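Below is one structure, written out as structure tokens; comments come after it.
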Amino acid sequence: MQETNKPSVDQYIIDNYREFIQSKYPDKLSYWPIISGYNAKIGYFDNNYIIFFRHSGNSSMRTTSGIGELSPGLIGFNSIDSSNINQIREKIGKHFQATPSDAVFIMSDDGSNLESEIKNITQKHEYALGLTPMKIFLSHKGIDKPTVRQYKELFTTLGFEPWLDEDAMDAGVELERALLQGFKESCAAVFFITPNYVDENYLAAEINYAIAEKRKRGNKFSIISIVMKKDGLKGKVPELLEPYVWKEPETDLEAFKDIVKALPISVGNVYWKY
């Protein structure tokens with residue numbers, strides 16, 4: 001790939017990435033992360049090129065530097081395979097303090113895995129550009145709102161974006177339309193199943209919308225039911241939700257942990273507040 005008349009490794013990756021994004025988001029190509037401008041650091045480890053792209057947004061100026069053979073200490077493993085490639089990507093990203101608009105490509109020296117790498121980085125950049133539904137829809141009976149609001153506040157504190165009806169719905173918006181839009185903007189639906197939760201009216205609609213999104217998006221959308229006790233009584237999971245993830249936590253802390261583990265998205269990197 002470094003032979004005469006062949007593009008450099010970073011240019012080869014960008015050319016292929018640009019072609020993929022051109023076919024998927026032609027109207028966004030001019031400002032797409034790293035395609036619209038980058039600086040690159042190129043390393044090598046275990047027959048793989050490891051390229052860190054820093055998004056610059058400036059296509060007229062570009063710097064590329066080689067950082068040589070990387071050490072197992074930096075990589076965290078003695079070899080690269082499908083079971084650890086994303087862990088290595090995250091570790092390299094942290095090392096270079098990557099932002100959502102940057103990218104770490106790990107490409108075998110024959111380029112055979114470039115297609116999967118491009119799809120992986122595309123998902124990352126879709127998130128950076130706000131193109132991926134990332135909200136968490138909180139379904140509950142109105143009487144349980146004080147409890148659910150506490151979960152909402154905790155999700156918000158941790159950087160998630162929960163969808164709670166009274167906060168997300170504008171005055172005058174038709175209920176069914178608002179609910180449908182809420183599900184389209186979400187990556188998960190959490191059903192708080194207390195003894196008060198009865199599968200009727202708009203609750204039934206929420207279940208149907210959640211199932212429709214799950215069928216459409218597969219593992220990009222999660223349905224999570226949390227069965228909660230109240231006054232010694234336990235909620236009953238509606239029949240339509242039984243095939244999906246449901247938990248019976250003993251405490252609110254355990255419930256929150258169960259929800260986070262079942263989400264299709266990961267908790268982000270830790271940064272200093274200031």
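The numbers here are math on the coordinates, done by the rules we state, and not lab data. Note that this is a predicted model, so its numbers are computed, not measured. For neighbour counting, all protein chains shown are included, and Cβ atoms are generated from backbone atoms with ideal geometry for every residue, glycine included.
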Once amide hydrogens are built 1.01 Å from N within the peptide plane, the residues lying 5 or more places from Ile67 or on another chain with amide H under 5 Å from its amide H are Ile42, Gly43
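Nearest 500 deg cm²/dmol is fine: what mean residue ellipticity at 222 nm does the chain get from its DSSP H runs of n ≥ 4 alone, each adding -39,500 (n - 2.57), divided by its residue count?
Details: 9 runs with 101 residues, N = 274.
So the helix-based figure for the chain works out to -11000 deg cm²/dmol.
Note down the magnitude of the dipole of the chain about its Cα centre, charges +1 on Lys and Arg C-beta and -1 on Asp and Glu C-beta and zero elsewhere, to the nearest 20 debye.
320 debye
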With Cα coordinates, the longest principal axis of the chain makes an angle with the long axis of helix 114-128, in degrees rounded to 10, of 50 degrees
Gyration tensor (Cα only) of segment 135-262 to equivalent ellipsoid, semi-axes in Å sorted down, yields 20, 16, 16
Residues whose modelled amide H sits under 5 Å from the amide H of Tyr38, counting only those 5 or more places away in sequence or on another chain, are Ser56, Gly57, Asn58
Restricting to lysines and to Cα separations under 17 Å from Lys91, and discarding same-chain partners fewer than 8 apart, the set is Lys41, Lys124
Amide H proximity to Ile265 below 5 Å, modelled H, separation 5+ or other chain, gives none
In degrees, nearest 10, the alpha-carbon axis of helix 201-217 is tilted away from the dominant principal axis of the alpha carbons of the chain by 20 degrees
Given unit charges at Cβ for Lys, Arg (+) and Asp, Glu (-), the dipole magnitude of segment 135-262 about its Cα centre in debye, nearest 20, is 440 debye
Calculating semi-axes √(5λ) of the Cα gyration tensor in Å from this structure picks out, from [x] 31, 26, 17; [y] 43, 20, 16; [z] 31, 21, 18, entry [y]
The lysines whose Cα lies under 20 Å from the Cα of Lys152, excluding any fewer than 8 residues away in the same chain, are Lys135, Lys141, Lys184, Lys229, Lys230, Lys247, Lys257, Lys261
Applied in sequence order to segment 104-110, the curve 6.51 cos²θ - 1.76 cosθ + 1.60 (Karplus, θ = phi - 60°) yields integer Hz couplings, x standing for Gly and Pro, of 10, 9, 10, 10, 4, 5, 9
The distance between the Cα centres of segment 103-163 and segment 187-219, in whole Å, is 19 Å
Diffing segment 82-87: the Karplus 3J(HN,Hα) column from phi (6.51, -1.76, 1.60, θ = phi - 60°), in whole Hz with x for Gly and Pro, holds 5, 7, 10, 4, 6, 5
So the angle from the long Cα axis of helix 9-24 to the longest Cα principal axis of the chain, reported in degrees to the nearest 10, equals 40 degrees
Taking a straight Cα-to-Cα line shorter than 16 Å from Lys6, and setting aside same-chain aspartates and glutamates fewer than 8 residues away, one finds Asp15, Asp109, Asp110
With x for Gly and Pro, the residue-by-residue ³J(HN,Hα) of segment 131-143, computed from phi through the Karplus equation 6.51 cos²θ - 1.76 cosθ + 1.60 at θ = phi - 60° and given in whole Hz, is 8, 10, x, 10, 6, 10, 7, 9, 9, 6, 7, x, 5
